[in-house]
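Asks: Got a structure for you, questions after.
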Ligand code: CA
């Protein structure tokens, strides 16, 4: 299967040129032209590597990297026009795997990409969250129950992940809202109930298990059935 690269670069001509070269080398390529859409795509998972420009509209490359590293260890190579030590140090401190200064020769970029892909952690080292028959591979954005894959939306995945990270601890609706929807979410706390119902129908009901429990008057907890 072709390795998948996300290219976040606002200079469209450069992005197009790099895309063509990468495709020619056999990589699959997605592009984003600003930091915010780049971050959204990067977080949706499924990329083997991310090429991230530093000077981006909407959200800087450095900020994209910081937010990405809260939940993903996908290799990142920073692209920048500014060859300053400060940038380099800040980028590497924020978890960039490598760094390349524009303008670069495409062969140089390809060599860096191959090196970064080789350094990836082996599959068994990737973070996994489990509860009985349920396994979440955070990095790959995959959930299985009894080995069968479960299709989840981004929000369902985030809610399930939050429950799994606090396995056997009861979380209030407010805590789940803060964690999954963010403090600035203006909706009702029953959004949590709605999404819990979605998760139950896709997991508990579909597979005949009981792991997502309601604690009346308090909230929700994920644990194996007794
Ligand atoms: Ca730029």
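The values are calculated or read from the model by the stated rules, or taken from the named source; none is laboratory data. The shown structure was predicted, so the numbers you read here are calculated from the model rather than taken from an experiment. Positions of Cβ are generated from backbone atoms using ideal geometry, with glycine treated the same way; all protein chains shown enter the neighbour counts.
Asks: Go over the candidates 117, 110 one by one and state the one that is in contact with a helix residue (DSSP H, G or I) (Cβ under 8 Å, 6 or more places away or on another chain), away from the ligand (no atom under 16 Å from the Cβ) and not in a loop (DSSP other than H, G, I, E, B).
Replies: Going through 117, 110 in turn, the sole match is 110.
Asks: If you check 67, 36, which single one turns out to be within 15 Å of the ligand (Cβ to nearest atom), free of Cβ contacts under 8 Å to residues at least 40 places away in the same chain and within 21 Å of the chain's Cα centre (by Cα)?
Replies: On inspection, the qualifying residue turns out to be 36.
Asks: In addition: For the range 8-20: of the residues being away from the ligand (no atom under 12 Å from the Cβ) and surrounded by 15 or more Cβ atoms within 10 Å (Cβ to Cβ), which is nearest to residue 140 (Cα to Cα)?
Replies: Only one residue tops the list, namely 19.
Asks: Given 8, 85, which one is assigned by TED's automatic domain parsing to the domain that holds residue 102 and modelled with pLDDT of 95 or more?
Replies: 8
Asks: Then there's this: Of everything in the range 23-33 that's more than 16 Å from the ligand (Cβ to nearest atom) and in contact (Cβ under 8 Å) with a residue 24 or more places away in the chain, which residue is farthest from the chain's Cα centre (by Cα)?
Replies: That would be 25.
Asks: Give the residue that is surrounded by the most Cβ atoms within 10 Å (Cβ to Cβ), with candidates limited to residues of the range 46-60 that are away from the ligand (no atom under 14 Å from the Cβ) and either modelled with pLDDT of 95 or more or closer than 22 Å to residue 91 by Cβ (or both).
Replies: 50
Asks: Hey, another quick one. Looking at the range 42-51, is at least one residue farther than 26 Å from residue 180 by Cβ and out of contact with any strand residue (DSSP E or B) (no Cβ under 7 Å at 6 or more places or on another chain)?
Replies: no
Asks: Any idea which residue in the range 88-100 is modelled with the highest pLDDT, counting only those that are assigned to a strand (DSSP E or B) and within 15 Å of the ligand (Cβ to nearest atom)?
Replies: Step by step, filter the range 88-100, then rank; the result is 100.
Asks: Oh, and also: State the number of residues belonging to the range 151-184 that are surrounded by fewer than 17 Cβ atoms within 10 Å (Cβ to Cβ) and in contact with a strand residue (DSSP E or B) (Cβ under 9 Å, 6 or more places away or on another chain).
Replies: 10
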